[in-house]
Amino acid sequence: MSVDAPPPVSSHSEATLDRGRAVTPAELRWRADWIRLQTVQLIDQAGVGHYSSTFSCAEIIAVLYYHTLRLRPAEPQWPDRDRFLLGKGHVATGLWPVLADLGYFSAEWLTQFGKIGSPLNDHPNMRLAPGIDFSSGSLGHNLSVAVGIAYGGRLSGRDYRTFVLTGDGELQEGQVWEAAMAASHYRLGNLVAIVDANGFSGAGPTSAAMNIEPLGARFEAFGWRVAEIDGHDVVALTRTLDELPDPASERPICVIARTRKGKGVAMMEQAPQAWHLGLLEPKLREQVVAEISGRMRRW
Amino acid sequence: MVTGTQNVPAPKMVDVFSDVAIDTALATNPAGVAIAEMADADPRILTLTADLGNVLADFRQRHPRRYLELGIAETNSVSVAAGLATCGYLPYIFAMAPFGVLKCAEQIRTDLAYNHLPVRLVGRLAGLAMGIFGTSHHAVEDVAVARALTNMTVVTPADSNAVLSLMRSTVSHQGPIYIRIAEGAEPVYAAPPVFEFGRWLRLHCGSEVSLIGHGLGVGLAVRAAGELAARGVQADVYDAAFLKPFDEEAIVDTARRTGAVLTIEDHSEVGGLASIVAETVGRNGLSVRLDRVALPDEDLEVGTPAALHEHYGFTAAGVVAKALALTGRA
């Protein structure tokens, strides 16, 4: 590792961040756009990255990390922390700035993103980056891993929740449904899957490639409790996550967050497929930054 | 309405793989016996199977909460075990080798090996142990796949006592381990042998030909060494129980001593012990004669393990013949 690990610098770092922390909707909207801006910066450094897939889940990440999850950034392996697994690992550019801001590591680390030796990879590596509960990158694995972590919570008697953020295209992987079966079989009400249902996978509309709908009915048929909401509505997200059943309950929960791929940048919303993977040329980059930052001043 | 097969009390078939029959369990299912005992002493130990719970009857009785049945979903079982390992547990996945390793190769690599997680894959019925069931049930490429993965440990017990030793001695190893078990081994050890991690055991000393086996190949090597001795040929015999990390020093020593090395394994000639030895003598610049008793890289026949072993020369007589040829005495 060529990047030194200085002590965390954020003012957040000493404390336990409790579930349901006070935050206004405006602050969460601002934070989601801040995630988008940071993503543009990181992709610029690396020379390639996933813009529109990250933008679709910016509000979800903002609500989880600034309101919902019980965390202790100064003690990333704290056994009672809520777990978060980024099933759609290709959007780690949206997570790194958040973890730095919360004090898991220095913001200096972000400047090394994309370089050899950086602990922050384009897909998260749990051995390198504090705050990553499990590595991801190969789609379809993390819901299974989360079943193991949730079962571990049951065995150890701890009341943490395990959250997994999946893409909707990821649900085409067969292993996801093996995990969905196991989660309800073992009555893991401490497991929450959030589907960033932006309707697109790598090569086109998700259900044109292979139909995955009706998603809610499918998860219900597998024994899950299902909530379907607007994944960009921070009020709906906070309310849904505030009202999660007790972790001791017996049905796993699936939150289907309907989102727009490329959300927050007009040209990406209009042609999300064009911005799945690549690099903005400087002029377009300026436009995108201006659009997002203009909105942030208004929040 | 009856919608599926119902289990009713009925005369039972002989279950050749289970540990239910305690008097024969140590011979037929040493891993099942070992894990139940180990779990008594170590609360971190869990077991998982994908519909192979019959091999864990004793464990399930003694530690019912620490056993997870995942149904016929092998890939899920590997990733679930990875999650449990992040919580401080030591999960042992019991699986049939062809499905537990080859079907799950990517989960083993990405979730276990890359993350250095202490999950153990106990691959039973490896090699041609299920030879009669068809090529889908052969596990003859598993060592090649497992040893290609960074951070994996691969061990292959020669008999029941070696199973006990290798399972007990690796319990606290920090990374993933593949424990490859091929049922039906003749006893090599009278008691559990003492292994040093990554080192091989020298079972017979000689200077004319090296016989290096793993798993079932060890018993063949020992028997062949006896027959060779009767013909005046002294063999240097090793139990290559660790295929990753392997014992480079032992290979170099024995190759220098004998100048003729024969490997013996119920595995493809591609990527297993034959490859390990060839790569090592090449890398060390040793000029030695090499041959292997292994399975050919071609469509394999289907039959009982004994018939297949005979067909492919995986017998003591097959080892003797190749050893004599290697020493120029055929």
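The values are calculated or read from the model by the stated rules, or taken from the named source; none is laboratory data. Just so you know, these numbers come straight off a predicted model, no measurement behind them. Note that each Cβ is placed from the backbone with ideal geometry, even for glycine, and that neighbours are counted across all protein chains shown.
Listing for the model above:
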| item | result |
| --- | --- |
| Subset of segment B:52-92 (residues that are within 11 Å of chain A (Cβ to nearest Cβ), of a type in the set (A, V, I, L, M, F, W, C) and not in a helix (DSSP H, G or I)) | B:LEU68, B:LEU70, B:ILE72, B:ALA73, B:CYS87 |
| Filter result (in a helix (DSSP H, G or I) and surrounded by fewer than 24 Cβ atoms within 10 Å (Cβ to Cβ)) within segment B:133-156 | B:PHE133, B:THR135, B:SER136, B:HIS137, B:ALA144, B:VAL145, B:ARG147 |
| Count of residues meeting criterion [of a type in the set (Phe, Trp, Tyr) and within 10 Å of chain B (Cβ to nearest Cβ)] in segment A:162-210 | 2 |
| Residue match in segment B:200-223 (condition: among the charged types (D, E, K, R), closer than 24 Å to B:ARG168 by Cβ and surrounded by fewer than 22 Cβ atoms within 10 Å (Cβ to Cβ)) | yes |
| Condition check for B:GLY100: small (Gly, Ala, Ser), touching a residue at least 40 places away in the same chain (Cβ under 8 Å) and buried (at least 24 other Cβ atoms within 10 Å of the Cβ) | yes |
| Verdict on B:ALA105 being farther than 20 Å from B:ALA31 by Cβ, within 14 Å of another protein chain (Cβ to nearest Cβ) and either touching a residue at least 40 places away in the same chain (Cβ under 8 Å) or aliphatic (A, V, I, L, M) (or both) | yes |
| Cross-chain or 6+ apart pairs with Cβ under 9 Å, segment B:38-61 first and assigned by TED's automatic domain parsing to the domain that holds B:PHE99, then assigned to a helix (DSSP H, G or I) and of a type in the set (S, T, N, Q) | B:LEU48/B:SER77; B:THR49/B:SER77; B:ALA50/B:THR75; B:ALA50/B:ASN76; B:ALA50/B:SER77 |
| Residue in segment A:143-161 that is farthest from A:CYS254 (Cα to Cα), counting only those that are more than 8 Å from chain B (Cβ to nearest Cβ) and not acidic (Asp, Glu) | A:GLY157 |
| Qualifying positions in segment A:217-238 - over 17 Å from A:GLY189 (Cα atoms), over 20 Å from the mean Cα position of the chain (by Cα) and surrounded by fewer than 16 Cβ atoms within 10 Å (Cβ to Cβ) | A:ALA217 |
| Residues of segment B:104-160 satisfying the condition of being touching a strand residue (DSSP E or B) at 6+ places or on another chain (Cβ under 8 Å) and of a type in the set (Lys, Arg) | B:ARG120, B:ARG124, B:ARG147 |
| Residue list for segment A:246-299, restricted to those being at pLDDT 95 or above and among the small types (Gly, Ala, Ser) | A:ALA248, A:SER249, A:ALA257, A:GLY262, A:GLY264, A:ALA266, A:ALA290, A:SER293, A:GLY294 |
| Hits in segment B:93-102 - residues which are within 14 Å of another protein chain (Cβ to nearest Cβ) and touching a strand residue (DSSP E or B) at 6+ places or on another chain (Cβ under 7 Å) | B:ILE93 |
